[in-house]
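Working notes for the structure below.
The values are calculated or read from the model by the stated rules, or taken from the named source; none is laboratory data. The model shown is predicted, which means the values in this text are computed figures rather than measured ones. A quick note on method: Cβ atoms are made from the backbone with ideal geometry, for glycine too, and the neighbour counts reach across all protein chains shown.
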Amino acid sequence: MLGARGAVGSAASAALRGRGHEVIGAGRRAPDDGVSIDATTAAGLTRLADEARRADVVLDASGLELAVVQAAVGSTPLVDVSATAAHLEQLATGVPDGGAALLGAGIAPGLSTVLIRALDPAPGDEIDLAVVLGTGEAHGAAAVDWTVRLAGATLYAAPEPHPIVNFRTRRRLQLPGATPRTHLRADFPDDLLIGRPSGVDVRSWLAMDSRVATAALGLVGALPALAPLLRSAPHL
């Protein structure tokens, strides 16, 4: 497992071990009972290829979003927890012969994709997906960096015929058992993973459970130069 010391990797490792699986953790700094692999170097990719041949599956929770990881893994099935549409599409089209790739293994995309499929949508349907993040949760560094990169960027796979910029379009959405809440358009790739293949338009929206935090994220969308401040923003 790449990124075994991170927020997602450590939780996934614990869950897998709790179910009786053997987990070989990997990262730039070797986890306990793990190995040191720096996937940004040639030596690290060679070590990854060697370890992958001994594994049933490789889980990439590093957040590095490097296509060379897929090449190094080869025919061993790869699970990638990334949420960047461009990266996921590259992985989907680059599966080696005899290999496999599981994409959308997180919450959004992942659980959100399962929920959309459960609606049994028909071609031509439109689905608005509301994602609410808890401001008190300790999100990993990779997740924060992903959010920083979204600010000012155009959605990769938006169903609209015109460009959509992250965090700039707003919409009030009514969730069950809650008051209406302002959401910001964000590039969660459910449209790429399930909407486009099934002929359904999926639009994803993001809000924090603090309205002040959501407003701050909207400010970052309007002024992307402020995005790096998100790395030092305290959890509310």
Subject >> Count of segment 190-215 residues which are more than 15 Å from residue 134 (Cβ to Cβ) and either touching a strand residue (DSSP E or B) at 6+ places or on another chain (Cβ under 7 Å) or part of a helix (DSSP H, G or I) (or both) >> reply: 16
**OP:** Identify, from the list 145, 187, 128, the residue that is assigned to a strand (DSSP E or B) and under 20 Å from residue 214 (Cβ atoms).
**Re:** 128
**OP:** Could you please find all residues in segment 86-97 being small (Gly, Ala, Ser) and assigned to a loop (DSSP other than H, G, I, E, B)?
**Re:** 94
Subject >> Members of segment 53-67 found to be at pLDDT below 95 and either outside the structural domain of residue 84 (by TED's automatic domain parsing) or outside any loop (DSSP other than H, G, I, E, B) (or both), listed by number >> reply: 67
Original post:
If residue 122 passes every condition in (1) within 22 Å of residue 159 (Cα to Cα); (2) modelled with pLDDT under 95 but one, which one does it miss?
Top reply: (2)
**OP:** Answer yes if at least one residue in segment 33-46 is touching a residue at least 40 places away in the same chain (Cβ under 8 Å) and out of contact with any Phe, Trp or Tyr (no Cβ under 9 Å at 6 or more places or on another chain), and no otherwise.
**Re:** no
Subject >> Residue count for segment 1-52, restricted to those that are in the same structural domain as residue 74 (by TED's automatic domain parsing), among the aliphatic types (A, V, I, L, M), in a loop (DSSP other than H, G, I, E, B) and closer than 15 Å to residue 76 by Cβ >> reply: 4
Original post:
Quick one: in segment 170-182, which of the residues that are under 12 Å from residue 215 (Cα atoms) and either of a type outside the set (Ser, Thr, Tyr) or in a loop (DSSP other than H, G, I, E, B) (or both) is nearest to the chain's Cα centre (by Cα)?
Top reply: 170
**OP:** Would you check which residues across segment 98-123 are touching a residue at least 60 places away in the same chain (Cβ under 8 Å), surrounded by fewer than 18 Cβ atoms within 10 Å (Cβ to Cβ) and part of a helix (DSSP H, G or I) and list them?
**Re:** 117
Original post:
Looking only at residues in segment 55-97 that are closer than 20 Å to residue 159 by Cα and touching a residue at least 60 places away in the same chain (Cβ under 8 Å), which one is surrounded by the fewest Cβ atoms within 10 Å (Cβ to Cβ)?
Top reply: 86
Subject >> Qualifying residues in segment 156-184 (those that are surrounded by fewer than 15 Cβ atoms within 10 Å (Cβ to Cβ) and among the aliphatic types (A, V, I, L, M)) - the one farthest from residue 125 (Cα to Cα) >> reply: 178
**OP:** Report, by residue number, each residue of segment 156-169 that is without any contact (Cβ under 8 Å) to a residue 60 or more places away in the chain, aliphatic (A, V, I, L, M) and in a loop (DSSP other than H, G, I, E, B).
**Re:** 158, 164
